[in-house]
Amino acid sequence: MARIENVTAFTDLYLPTINGVTYTVDLWRRYWSRRRGRMAVVYPGEDGYEPSSDEFPIRSVRAPLFSNYRLGTPTAPEDLAVPDLVHVHTPFTVGYAGRRFADRHDLPVVASYHTVLEARADRVVPRPFVRGMQRATRAFERWFFETVDCVVVPTAYAREHFFESVGADTDVRIVTNGIDTDFFRPVDVGAFRSRHDLPTDRPLVGYTGRHGYEKNLGELIDAVSGMDVTLVLAGDGPARVDLEDRAAGADADVRFLGFLEREDLPAFYSSIDVFGFPSPVETQGLVALEAAACETPVVAVDAGALQDSVIEGETGYRYPEGDLEAFRTALRLSITENDRLSSLCRRRRSMFSVDHAIDQLVTVYDELA
């Protein structure tokens, strides 16, 4: 079988922006170089980030409707070497440039399906236009993904949703995103707890990540109301002000830590007793894997990819969306069974690793060669 050595990834989302897509692209880039060859990355350039020799920023402007993101010009850098394969991570301007680049050089193309775009429609357009926006999104995605040789998705749920919602007639494979288990592991938490003045006399329930409305974090605040726990919310996003107002009216001790630097995340996960994850729109939910790799059980909504990512009774528990009493029961159970669940999380760490993801990626790439 032929081997794919050099890959070029095209992505509309990349560093210094921090989210699941940027994390995965950067992680794959670094680990691919250890295993095979080179994985160059083409992305919208932004001031304040110094690229390495295999990162190729292109001109960009602030994205309309999403001020935190950049919109790159749909072109490939002139000095970009021709690889063995193109991997497109997003279906927007830079992703489109990747498709054109692959066509020009007659290269195989893999595309990742990272995000359920239609779930964000109500945050982009007024309510009367949401259904029209969702239909347009599905039609665009169907067109885009039918032009590639293979689509990779991180979970079985994402694969099922892809066929049901996008409906593209193409080859779809499961390739887990993976996490860096050398980095995400149990660590000493004394300094972190002290710096953020976290209590030691009661269990801690926590969440870190984007504070978006689609993440449904208000349900987590409602669930801990009346419980003898402290809820610790790290991260930031458009819903934060509303969440702070909701927490102020709740019968709960809720702490907002704000954005945490990446090097603080293992200490955050290791500090909390349970990771609460009520988001029903995940295609994998990397933060759930990061928490479990730090041996912290997860209580997640029984929806989306979290049905696959959280193993019932092993890495945590799931509850029906909107059922606050079931949410509280699962939280209490995870606190009571913390030692047992932590031990099972430790046994599952190899399944979460990026090395496992690269093994799967190698198979997909080489088959296309």
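Hey, any hits in segment 267-284 for a residue that's among the polar types (S, T, N, Q) and closer than 23 Å to R29 by Cβ? If you could, list the steps in order and put the result at the bottom.
Step one: list which residues in segment 267-284 are among the polar types (S, T, N, Q), which gives 270-271, 279, 283-284.
Checking which are closer than 23 Å to R29 by Cβ leaves us with 283-284.
Yes, because at least one residue in segment 267-284 is among the polar types (S, T, N, Q) and closer than 23 Å to R29 by Cβ.
Can you tell me how many residues within segment 288-303 are surrounded by fewer than 24 Cβ atoms within 10 Å (Cβ to Cβ) and either in contact (Cβ under 8 Å) with a residue 24 or more places away in the chain or not in a loop (DSSP other than H, G, I, E, B) (or both)?
So in segment 288-303, the residues surrounded by fewer than 24 Cβ atoms within 10 Å (Cβ to Cβ) come out as 295, 302-303.
The next check asks that each one be either in contact (Cβ under 8 Å) with a residue 24 or more places away in the chain or not in a loop (DSSP other than H, G, I, E, B) (or both); those that pass are 295.
Looking only at that region, the number is 1.
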Does Y49 meet the test of being part of a loop (DSSP other than H, G, I, E, B), under 16 Å from T17 (Cβ atoms) and either modelled with pLDDT of 95 or more or out of contact with any helix residue (DSSP H, G or I) (no Cβ under 8 Å at 6 or more places or on another chain) (or both)? yes
Residues of segment 161-173 being out of contact with any strand residue (DSSP E or B) (no Cβ under 6 Å at 6 or more places or on another chain) and touching a residue at least 60 places away in the same chain (Cβ under 8 Å), which ones? H161
Could you tell me whether any residue of segment 339-359 is of a type outside the set (K, R), crowded, with 16+ Cβ neighbours inside 10 Å, at pLDDT below 95 and under 23 Å from D188 (Cα atoms)? yes
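I need the full set of residues from segment 52-88 which are outside any loop (DSSP other than H, G, I, E, B) and under 25 Å from L361 (Cβ atoms), in order please.
Restricting attention to segment 52-88, the residues satisfying the condition of being outside any loop (DSSP other than H, G, I, E, B) are 55-58, 60-62, 70-72, 85-88.
Residues satisfying the conditions are E55, F56, P57, I58, G72, L85, V86, H87, V88.
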Would you be able to say whether some residue in segment 220-229 is of a type outside the set (D, E), surrounded by fewer than 16 Cβ atoms within 10 Å (Cβ to Cβ) and either under 24 Å from the mean Cα position of the chain (by Cα) or at positive phi (or both)? yes
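The values are calculated or read from the model by the stated rules, or taken from the named source; none is laboratory data. Predicted model only: the values in this text are computed from it and were never measured. Cβ coordinates were reconstructed from backbone atoms using ideal geometry, including for glycine residues, and neighbour counts include every protein chain displayed.
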